[in-house]
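Note sheet for the following structure.
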Amino acid sequence: MIRVGIMEKTITLEATLELVKQLSLVDKVRLIEQIAPQIEKELTNIQPKPRKSLRGIWRGTDISESDINEVRKEMWNNFPREDI
């Protein structure tokens, strides 16, 4: 919602779209020409969140090959299941 004017009239997206539908094709193009640079500027100002590195995520864990084999054996124990 956008508040404009002295009377604080609230304009919704839906109301704005209804107004745009009433414009001629030429005016719609002019609107896009004026809005597009503003949108582009706002998008370039958005800084993406830095991704957390996964390097070293398993450092300090004590998982042995036998632990992996044991879990693998548990997972595959009931495969294929009879009820499926």
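We did not get these values from a lab; they are worked out from the coordinates using the rules stated. Keep in mind that what you see is a predicted model, and the values were worked out from it rather than measured. Every residue, glycine among them, receives a Cβ derived from its backbone with ideal geometry; neighbour counts consider all protein chains shown.
Scaled to the compact-protein estimate 2.2 N^0.38 Å, what is the alpha-carbon radius of gyration of the chain, rounded to two decimal places? Write down the numbers at each step before the final one.
On the way: Rg = 29.0 Å, N = 84, 2.2 N^0.38 = 11.8 Å.
Normalised by 2.2 N^0.38 Å, the Cα Rg of the chain equals 2.45.
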Can you give me the angle between helix 65-76 and the longest principal axis of the chain, using Cα atoms only, in degrees from 0 to 90, rounded to the nearest 10? 70
To the nearest Å, what is the center-to-center distance of segment 19-37 and segment 38-84, using C-alpha atoms only? 46
Residue-normalised 222 nm signal for the chain, counting each DSSP H run of n ≥ 4 as -39,500 (n - 2.57), nearest 500 deg cm²/dmol, is -16000 deg cm²/dmol
If you place +1 on the Cβ of every Lys and Arg, -1 on the Cβ of every Asp and Glu, and leave all else neutral, what size is the dipole of the chain about its Cα centre, to the nearest 20 Debye? 480
